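Contents: one structure, followed by commentary.
The values are calculated or read from the model by the stated rules, or taken from the named source; none is laboratory data. No experiment lies behind these values; they were computed from the predicted model shown. All Cβ positions, even for glycine, are placed from backbone atoms using ideal geometry, and neighbour counts span all protein chains on display. Only protein heavy atoms, including side chains, enter the accessible area calculation; ligands, DNA and RNA are left aside. Shrake-Rupley method; radii C 1.70, N 1.55, O 1.52, S 1.80 Å.
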2 protein chains.
Amino acid sequence: MALRHAVLAALLDGEYSGYQLAKIFDIAVSNFWHAVPQQLYTELTRLESEGLITGRQIIQQGRPNKRVFTVTGAGIEELERFAQTPARPGIIREDLLVMVQAVDHTSSAAVIKQLEERAETALAKVALFERTLERLRGETDEETFLREGSPIGPYLTCLRGRRFEQENYECYRSTAQLLRERAAAVEDEKGADAESATDSDAAADTDGPETP
Amino acid sequence: MALRHAVLAALLDGEYSGYQLAKIFDIAVSNFWHAVPQQLYTELTRLESEGLITGRQIIQQGRPNKRVFTVTGAGIEELERFAQTPARPGIIREDLLVMVQAVDHTSSAAVIKQLEERAETALAKVALFERTLERLRGETDEETFLREGSPIGPYLTCLRGRRFEQENYECYRSTAQLLRERAAAVEDEKGADAESATDSDAAADTDGPETP
DNA sequence: CAGCCCATGTAACGAGTTACATGATTAA
DNA sequence: TTAATCATGTAACTCGTTACATGGGCTG
């Protein structure tokens, strides 16, 4: 039962439907929590049945009706209790870095490509966080907002999100570049070896990535 | 089926038992994958039954025997296939940042304390990654190692781990400090208000954190 | 008119977590 | 002698993910 608190926290700044919440989880919340839409629908139902949130129906024309939810007093109390408990250590699972870890034993071209793609999406997220930060602070300048602006919680997590994605960008970028250069170096060696000794498996004495 | 690749990748640099692997997951691998020891034991059993790793018994005296595992050819092939597939988006779950997100609606003291603790553990991890990097590159200087050292995969993930924890340190540190200052400002206001108007709930017009 | 956006829900399945069980050695 | 380290395993349970189901409106 850990998702519930993330949902409650995300619902604090307004009324949202499951669908809208899924979007929020995809952008602003994505840097500290991951959840697929289905999880949110079921969690919202559960939270409502426990009285931590209340839903109300919004009749729409031209598109399906929806139910939007607000955190109740009991929900706030639950968050307060949560804030008093020791936070469990963060959980992270990054397939792409598993690939990097194993790159000495696999071909690297596909991994490099994915690193470059990820670097680009990270950059896009930086821009997105930037816009969100501007929206959150409104007319106020950052220094003043940090001192007395409100709500400060979402602002702080966005700040962290921006830094995190900036870091991701630089990291993925430079990793991709480095692996590219190393792969090129191995190719060069092969070329040189082919000229000097055309019969043997010349790359055997190098530590470069294998190309099976 | 995602843990398997993380286990295979971690096993690449030598023979490890489940117990040893758990330690590795706690340090070097922890910046891109999280798993509790029990998961590793069951996954190792499964991987062995599928022929992706082989185990051999080590008889020890003075302590329990253990089984250490090595990645097989089939295991490498599995990693190669894995490297060719699109990596799924990273998964992150950070309770502490959920607390920060909700901090406008809860008391902040406990959260601040945890942020400061986390900042310290992040700093310790930076030092740990630093030592691991030195060990990995041995006599070689970093520039040379990055160009032609081996294995480069673990080195790159460690580099990223160090940056990540450095970032965490700074972020958690400054967030804690900022929340501290804001909490102090609210206390000051209360004091000033108590002097000028002793009867009313004077903090009602401020945007500062509530203290329920 | 194909495909995406809005909007939600149920059910099955797969993965992750916790609890429990065992037991010897060594350091404080 | 209390606790920690080493070392593994089974079973129950909770949580997360995927598949499937529905259906109108809007865009290219």
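Over all other residues within a Cβ to Cβ distance under 11 Å of B:Ile58, the charged ones net out to +3, with Lys and Arg as +1 and Asp and Glu as -1. Largest first, the residues B:Tyr19, A:Tyr16, A:Tyr172 sort by 1.4 Å accessible area into B:Tyr19, A:Tyr16, A:Tyr172. The mean of 1/r over all pairs of different alpha-carbon atoms in chain A, once inverted, gives a Kirkwood hydrodynamic radius of 21.0 Å. Please work out, to two decimal places, the log10 of the ratio I(q)/I(0) at q = 0.06, 0.07, 0.14 Å⁻¹ from a Debye calculation in which every Cα of the protein assembly as shown carries one identical scatterer. The Debye formula, applied to the Cα set alone, gives -0.32, -0.43, -1.31. A cut-off of 5 Å between modelled amide H atoms, ignoring neighbours fewer than 5 places along the same chain, links A:Arg67 with A:Gly18, A:Ile58. Once the convex hull of all Cα atoms in segment A:16-122 is built, its volume per residue stands at 152 Å³. Roughly how tilted is helix A:109-137, in degrees to the nearest 10 and between 0 and 90, from the longest Cα axis of chain A? Roughly 30 degrees, rounded to the nearest 10. About its Cα centre, the dipole of the protein assembly as shown is roughly 1560 debye, where the only charges are +1 on Lys and Arg Cβ and -1 on Asp and Glu Cβ. Summing charges over neighbours of A:Ala6, with a neighbour being any other residue whose Cβ is under 14 Å away from its Cβ, gives -2 when K and R count +1 and D and E count -1.
Phi angles across segment A:53-63 convert, under the Karplus curve 6.51 cos²θ - 1.76 cosθ + 1.60 with θ = phi - 60°, into 3J(HN,Hα) values of 9, 10, x, 9, 6, 10, 7, 10, 10, x, 8 Hz, Gly and Pro given as x.
Along the charge dipole of the protein assembly as shown, Cβ charges K/R +1 and D/E -1, which of A:Leu159, B:Ser108, B:Tyr169 sits furthest on the positive end? Checking the options against the dipole of the protein assembly as shown, the answer is B:Ser108. How far is B:Met1 from itself in the other copies, in nm, if each label sits 7 Å out from Cα along the Cα-Cβ line, shortest first? Label-point separations across copies, in nm and ascending: 3.5. One Cα centroid belongs to segment B:155-184, the other to segment B:31-73; the line between them spans 34 Å.
Net charge dipole, segment B:3-84: roughly 340 debye, given to the nearest 20, about the Cα centre with Cβ charges of +1 for Lys and Arg and -1 for Asp and Glu.
In segment B:15-74, the ratio of gyration radius to Kirkwood radius, Rg to Rh, stands at 0.99 when only Cα atoms are counted. For segment A:18-31, 3J(HN,Hα) computed residue by residue from phi via the Karplus equation (6.51, -1.76, 1.60; θ = phi - 60°) reads x, 5, 5, 4, 4, 5, 4, 5, 7, 10, 5, 7, 4, 7 Hz, glycine and proline entered as x.
Heavy-atom accessible area for B:Lys23, with the other protein chains in place and a 1.4 Å probe, reaches approximately 120 Å².
Per residue of A:27-33, other chain Cβ atoms within 10 Å of the residue Cβ number 4 on average.
These residues, B:Arg135, B:Arg147, go from largest to smallest accessible area, 1.4 Å probe, as B:Arg135, B:Arg147. For segment B:102-198, the share of alpha carbon pairs falling in successive 5 Å distance bins from zero is 2, 13, 16, 13, 11, 10, 9, 7, 6, 5, 3, 2, 2, 1, 0 percent. Neighbours of B:Tyr172, meaning other residues whose beta-carbon lies under 11 angstrom from its beta-carbon, give a summed charge of -4 when Lys and Arg score +1 and Asp and Glu score -1. Surface composition of chain A: carbon and sulfur atoms hold 51% of the protein heavy-atom accessible area at a 1.4 Å probe.
Shielding value for A:107-113 is 3, the average number of Cβ atoms from other chains within 10 Å of each residue's Cβ. Ordering B:Met99, A:Met1 by accessible surface, largest first, gives A:Met1, B:Met99; the 1.4 Å probe counts only protein heavy atoms, with every chain in place. Which residue, B:Ala22, B:Thr144, B:Gly73, has the largest displacement toward the positive end of the dipole of chain B when charges sit on each Cβ (Lys, Arg +1; Asp, Glu -1)? Positive-most Cα among the choices belongs to B:Gly73. Sorted from closest to farthest, the other copies place their B:Glu77 label points 6.1 nm away, with each point set 7 Å from Cα along Cα→Cβ.
Inter-chain Cβ neighbour count for B:2-13, averaged per residue, equals 4 (cutoff 10 Å, partner chain atoms only). Given +1 at the Cβ of Lys and Arg, -1 at the Cβ of Asp and Glu and no other charges, the dipole of segment B:87-162 around its Cα centre is 280 debye to the nearest 20. Is there a pair in B:Lys23/B:Lys66; A:Lys23/A:Lys66; A:Lys23/A:Lys125; B:Lys23/B:Lys113 whose C-alpha atoms are over 21 Å apart, and which pairs would that be? Distance filter (> 21 Å) returns B:Lys23/B:Lys113. Taking each DSSP H run with n ≥ 4 as -39500 (n - 2.57) and averaging over every residue of the protein assembly as shown yields -20500 deg cm²/dmol at 222 nm.
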